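Chemist: Got a structure here, written out as structure tokens. Questions coming.
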Amino acid sequence: MTILTTRNLVAGYEPGLAIVRGASINVAAGEIVVILGPNGAGKSSLIKAIAGLVPISEGSVTLEGRDITALPAHRKIREGLAFVPQTENVFPRMTVEENLRLSIGIFPDRNVAQGIEETYALFPDLARQSRLLAGSLSGGQRQMLAAARALIVKPRVLMLDEPSAGLSPKFVEQVFARLQEVRATGVTIVLVEQNARAALSIGDRAYVLVEGREAHEGPARSLWDDPLIAELYLGKRKEAS
Ligand SMILES: Nc1ncnc2c1ncn2[C@@H]1O[C@H](COP(=O)(O)OP(=O)(O)O)[C@@H](O)[C@H]1O
Ligand SMILES: [Mg+2]
């Protein structure tokens, strides 16, 4: 079953200057979909547009069959669509727990204590660090907190923009392992990544975005193995054989 769709989406920061140029992607419920592509292809702009943070001029965004194209960002969160930006995704001068409280606080009907308890069960490191300032966390732990802030509101779809950026290989592995656990809880994931190998290793399907629209789509594994795509878009050198 399809959970999230964009149809010929056109979006940009200034009127008449499209950055996303007719992108159509489909995400099935329970999938991890990876969005790859060269720098400046519009990957961040695409997921920000889906999240309601970049103005959409044409096309549509559909979540669970509902047209959410025109909803503002906070309404999209309420509809079950969460977004973790690449940077500035936690409040550094607040503690870990305050960051989580603030996030679930926009849902007046939710049980805060229970939400925090469940979050700590999924992210035991954060439980240990609950009283530390978010700004004092390591890069990897900060990305975990950012993901936890998005997950505490129990979204149906979680979109992340380069959660592994700037992390050492060990932390990259941890972040991606955690994303697989998150998916196992029933959350659908859309992952924008530069780190093609790690992303494709946990992804089900992938799109390659070029100049604001999808240029290739396929099973994650076959994309990694396709020498043309690898050379053009994934920064993978042809293996001498
Ligand atoms: N806030 C912004 N205002 C204006 N232009 C932007 C902004 N953010 C990104 N762009 C432009 O949009 C294009 C695509 O950027 P981006 O979506 O960040 O690509 P990617 O994430 O694939 O590297 C780039 O040419 C970039 O300069
Ligand atoms: Mg980007």
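Chemist: Quick check: at a probe of 1.4 Å, how many percent of the accessible area of the range 2-233 sits on carbon and sulfur atoms?
Modeler: Carbon-and-sulfur percentage of accessible area, whole number: 51.
Chemist: Could you work out how far helix 169-184 tilts from the main Cα principal axis of the chain, as a 0 to 90 degree angle to the nearest 10?
Modeler: Approximately 80 degrees, to the nearest 10.
Chemist: Just to be sure I understand: of the beta bridges DSSP finds with both ends in the range 2-233, what percent are antiparallel, rounded to 5?
Modeler: DSSP beta bridges in the range 2-233 are roughly 60 percent antiparallel.
Chemist: Give the accessible area for residue 13 in Å² (nearest 10); use a 1.4 Å probe, count only protein heavy atoms, and leave out ligands, DNA and RNA.
Modeler: 120
Chemist: Ok, one more. Within the chain, what's the longest stretch lacking trypsin sites (Lys or Arg not before Pro) that sit in DSSP loops with no more than 12 other Cβ atoms inside 10 Å?
Modeler: 132-236
Chemist: With a 1.4 Å probe and all protein chains left in place, how much accessible area per residue does the chain have, in Å²?
Modeler: 48
Chemist: Across the chain, where is the longest run that never hits GluC sites (Glu not before Pro) in a DSSP loop with at most 11 other C-beta atoms within 10 Å?
Modeler: The longest such stretch corresponds to 89-238.
Chemist: Could you size up the charge dipole of the chain around its Cα centre, putting +1 on the beta carbon of Lys and Arg and -1 on that of Asp and Glu, and report it in debye to the nearest 20?
Modeler: Taking the Cα centre of the chain as origin, the dipole is about 340 debye.
Chemist: Once each part is reduced to its C-alpha centroid, what is the distance from the range 143-166 to the range 11-56 in angstrom?
Modeler: About 17 Å separates the Cα centre of the range 143-166 from the one of the range 11-56.
Chemist: Compute the length gained on full extension between residue 39 and residue 60: take 0.36 nm times their separation in residues and subtract their Cα-Cα distance, giving the result in nm to one decimal.
Modeler: 5.1 nm
Chemist: Summing +1 for each Lys or Arg and -1 for each Asp or Glu, what net charge is found among the other residues whose Cβ lies under 13 Å from the Cβ of residue 124?
Modeler: In short, -2.
Chemist: Can you find, among 147, 232, 104, the residue sitting farthest towards the positive end of the charge dipole of the range 93-241, where Lys and Arg contribute +1 and Asp and Glu -1 at Cβ?
Modeler: Looking along the dipole axis, the top candidate is 104.
Chemist: Which whole-number percent is the relative contact order of the chain (Cα, under 8 Å, 6+ apart)?
Modeler: With pairs under 8 Å counted, the relative contact order is 26 percent.
Chemist: Could you go through the range 61-68 in sequence order and give the Karplus-derived ³J(HN,Hα) for each residue, using 6.51 cos²θ - 1.76 cosθ + 1.60 with θ = phi - 60°, rounded to whole Hz, and x for Gly and Pro?
Modeler: Using θ = phi - 60°, the values come out as 10, 10, 10, 6, x, 9, 7, 10 Hz.
Chemist: Return one number: the angle in degrees, 0 to 90 and rounded to the nearest 10, between the long axis of the Cα atoms of helix 112-122 and the longest principal axis of the Cα atoms of the chain.
Modeler: Tilt of helix 112-122: around 60 degrees.
Chemist: Could you tell me which residue out of 158, 182, 137 lies farthest along the dipole of the chain toward its positive end? Charges go on the beta carbon: Lys and Arg +1, Asp and Glu -1, centred on the Cα centre.
Modeler: The one lying farthest along the dipole's positive direction is 137.
Chemist: If you don't mind, another one. I'd like the antiparallel share, as a percent to the nearest 5, of DSSP beta bridges with both residues in the range 132-241.
Modeler: Roughly 55 percent of the DSSP beta bridges within the range 132-241 come out antiparallel.
Chemist: Taking the Cβ of residue 68 as the center, what net charge do the other residues with Cβ under 13 Å away carry, scoring Lys and Arg +1 and Asp and Glu -1?
Modeler: Spelling it out: positives minus negatives among the neighbours equals +3.
Chemist: Same structure again: Tell me the net charge near residue 11. Cut-off is 13 Å between Cβ atoms, residue 11 excluded, with +1 for each Lys or Arg and -1 for each Asp or Glu.
Modeler: +3
Chemist: Now, a different point. Taking Cα atoms, how many degrees apart are the long axis of helix 139-151 and the longest axis of the chain, rounded to 10 and kept between 0 and 90?
Modeler: The answer is roughly 80 degrees.
The values are calculated or read from the model by the stated rules, or taken from the named source; none is laboratory data. Treat the numbers as computed from the prediction; the structure is a model and nothing was measured. Cβ coordinates were reconstructed from backbone atoms using ideal geometry, including for glycine residues, and neighbour counts include every protein chain displayed. When the accessible area is computed, the model is the full protein with side chains, heavy atoms only, and any ligands, DNA or RNA have been set aside. Shrake-Rupley method; radii C 1.70, N 1.55, O 1.52, S 1.80 Å.
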